[in-house]
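Participant: Can you read through this structure? Questions will come right after.
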Amino acid sequence: MPPMVEPILLWGFCFTTQQKQRFNQQWACAWLTSWYTDERHLDSVEDHSKRREIRYGNNIAVLFRALLHLRRFYGQDSLWPAIGRGFNTNQTIARATAEILTEARRAQRGKPAKDVSDTARAADDWIDFLDSQRIHPRAQPDPGLFTAAAAFFDSQEKKWLNAARVPTNPRTPLQINTTLRPAPGIDETNPSPRLPPTPIKPESPTDPADRHRLLWSTHKRSASPPSSDRSPKSRRLNHDVNGQSRVGSDSQRQHDQAKEPHSDSRRTSTATKLAPPPPNQPKAPSNRDDAPKPSRPQINEEVSALKARIADLESKLSAAQKRQSAATANPPGQARRAIDELKKDMDSATNAIGTMMESMHDIVDGFTLLQESVSALSRQQSEIATALPPTGKLDALLHPIQAVADSVRLLREEVSELKKQAAGQHAALPSLTTQHNTEIKSLLQGQNSRIDKLVRDMANMQTQMSSPLPRQAPQNLRQALATVEREIKVHLDIVQGFYHKLDGSHGASRMVTEQTADLLAMLQQSVHIAQMGQQSC
C-alpha cells in the first residue's frame, strides 16, 4: 500500500536519518504549508512538486530559526508547544522533526560540500547552541514565551523564497561553484548522496510541440508546394474552402503521398526547381494538375466538417471573449482581495483541522489516563486480596471476644435472677433483718464490680481490635502519603461494603445511594492523588 504522502528529503541532511520521520497526512499539514513562502515572487516556480519541496525547506529553516530565536527559553516545558503553535501542530511532531533533522545534519555537516543552504546553516547554528549547553537546563516558566514566539512567526510570514536551495531548473547541475574544486566522492559510512544533477526529460514525439512539428513536416512534404506570398499560419487559417485536396483526412493524405514519385524523382524535381530555368523555356506543369482530384462526396464531407469546426471555434471564441469581459469588469485589486480572502479561509480551515487534531490527542491522553487508573484499581484489588488474613486467623482473633461476650451474657442473666429473688424476698419477708440486707447489698456490689470489670476488659479488647497496629511515624512526605493511602483504602473498603448493601436493598433512598457513590468517587480520587504524589516524590 503506497504511503499517504510522498516523502521529501532535504539536501545537506543525512537521507537515512531523515527517513525515520513519519511522512503522513499530519506531517503534510504541518510542514507543506505556504505561510512562510513568498509564492508571488517573480522567481517562484510553477511545478507542484518543486513548490512542495521549497515550502518544506522554508518551514524547516523557520523551525530552526525559531528555536535559535527562543533559545533563552530553552529548558521550559512550554517551549515545544509554542513552537508547534507556529506550524499549527502539536508539540510531539515539532520536537520529533527538530530532533531527527538535527541528528541528520550532525551526520552530514562534517562532509565537504560546495555550498550550504540557509536551512542547513540554521540547523548548524542550533547544533552549535546545543553543543554549548553542557547540561540540560531546567528553566522557570516565563509568561512571555508565547508572545515572543507569536511575534517571531508573524515576522516570518511570506518572507522566504528557497531556503533549502531546491533546484528549479532541470538543465543546470545542482552543484554550485564547480570550478573551485572537484566534487567529493561517496562516503561509505553514510549512504546519503551528494546532490546529483536532476535528470532531463527526453523529448518524445508525444509532446504537443513535437506533434505540431511532425504535422508541419507532413504539410511540407505534400504534393502541392505552398505559395511564397503567405506564411504557413495564414495558409492554415485563410485557406480556400473549395481546395480541400491539401487538408483532407489522414487517410487521404497517405493516399496522396503513396501516389508521389520515388525519392530519386523527388530529388531530381527539387534540383530542377532550384536551378534557374532557361529564358525561353516554358514552365513545367504543376504537380497539382497531375495529382488525382478527390470526388465530390468527399469534398462535401470535408466542407461540412470544416463548417462544424468553424462553428466550434466561434463558440470557443465567444466564451473566451465573455471571460475576458468578465475579467475586465472585475478589477485586479478585487481579484487579489478575493484570493487573499480565500487564502485566509484556507488558513482558518487548516487551523481548525489542527485544533481538531490536538483535541484528538487530548482524547487519546484521556483514554490513556483512564487505562492507567483501571490498571491501578486492579493492582489495588489484588493487594487487598493478598493483605486479608486467612479464615483461620480471623477465627483465632474472634474466639476470645466471643468468650468474653458469653461470660457477660451469663453474668447478666445471673444478676437479673438475683434481682428477681431479692425483690421476691423483699415482698415476702418485709421484716428481714438489717444483717440480711447488708449481705445482699455486699453480694450485689461484688457482682456489679465483676460486671464492670468484664465490661472494661471487653471495651479494651474492642478498642485494640478496631485500632490499627502501631506503626512508626512517617519520616518524609512519601511515607506520609503511603500512610494516607492505606487509611483511605480501609475506609474505601468499608464504604464500598455498605454501598453494595444499599444497592441490593429495596428500601434505600436514591439520594443516599447517590451521596454514597459520590463519597466512593472522592475516596478513589484521593487514593489516586496519593499515588501520584508518591510517584512524583
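Participant: Quick one: if the Förster radius is 45 Å, what FRET efficiency do Ala338 and Cys537 give, using the C-beta to C-beta distance and rounding to 0.05?
Facilitator: 0.15
Participant: Restricting things to alpha carbons, find the Rg to Rh ratio for region 15-155 using the Kirkwood radius for Rh.
Facilitator: Here Rg/Rh amounts to 0.96.
Participant: Okay, next question. Going by how many other Cβ atoms sit within 10 Å of their own, how do Val166, Val527, Val364 line up, fewest first?
Facilitator: Val364, Val527, Val166
Participant: What list do you get for Phe15, Phe73, Phe129, Phe367 if you sort them by fewest beta carbons within 10 Å?
Facilitator: Lowest count first: Phe367, Phe129, Phe15, Phe73.
Participant: Sticking with this one: For Lys111 paired with Glu46, estimate the spin-label separation in nm (one decimal), with each label point 7 Å from Cα along the Cα-to-Cβ line.
Facilitator: 3.5
Participant: Treat the count of other C-beta atoms within 10 Å as a stand-in for reagent exposure and order Trp35, Trp160 from fewest to most.
Facilitator: Trp35, Trp160
Participant: Suppose R0 equals 22 Å. What FRET efficiency, 1/(1 + (r/R0)^6) with r the Cβ-Cβ distance, do Asp131 and Arg95 give to the nearest 0.05?
Facilitator: 0.75
Participant: Classify region 1-81: rounded, prolate or oblate, from the alpha-carbon gyration tensor (a ≥ b ≥ c, eigenvalue square roots; a/c under 1.5 rounded; otherwise prolate if a/b is larger than b/c)?
Facilitator: Since a/c reaches 1.5 but b/c is at least a/b, the shape of region 1-81 is classed as oblate.
Participant: With a Förster radius of 60 Å, plug the Cβ-Cβ distance of Ala151 and Leu313 into 1/(1 + (r/R0)^6) and report the FRET value to the nearest 0.05.
Facilitator: For R0 = 60 Å, the calculated efficiency reads 0.60.
Participant: Which value in nm describes the separation of the simple spin-label points at Tyr74 and Glu487, placed 7 Å from the Cα toward the beta carbon?
Facilitator: Using points 7 Å along Cα→Cβ, the separation is 4.8 nm.
Participant: Could I ask something else about it? Would you mind computing, in nm to one decimal, how far apart the modelled labels at Ser526 and Met356 are, each placed 7 Å from Cα along Cα→Cβ?
Facilitator: It works out to 4.4 nm between the two label points.
Participant: Moving on. Fully extended, how many nm does the chain gain between Gln515 and Ala405 (0.36 nm per residue separation, minus their Cα-Cα distance)?
Facilitator: Stretched out fully, the Gln515 to Ala405 stretch lengthens by 36.0 nm.
Participant: How long is region 471-537 along each principal axis, judged by its Cα atoms, biggest number first, in Å?
Facilitator: 47, 23, 13
Participant: Let me ask another. Listed here are the pairs Lys50/Lys114; Lys158/Lys316; Lys158/Lys322; Lys420/Lys453; Lys453/Lys489; Lys419/Lys453; which of them are more than 30 Å apart at the Cα?
Facilitator: Lys158/Lys316; Lys158/Lys322; Lys453/Lys489
Participant: If a/c stays under 1.5 just call it rounded; otherwise compare a/b with b/c (prolate if a/b is bigger, oblate if not). Do that for region 36-116, with a ≥ b ≥ c from the square roots of the Cα gyration tensor eigenvalues.
Facilitator: It is oblate, given that a/c is not under 1.5 and a/b is not larger than b/c.
Readers should treat all values here as calculations from the given coordinates under stated rules, not as data from a laboratory. None of the values given here were measured: they were computed from a predicted structure. All Cβ positions, glycine included, derive from the backbone under ideal geometry; neighbour counts span all protein chains shown.
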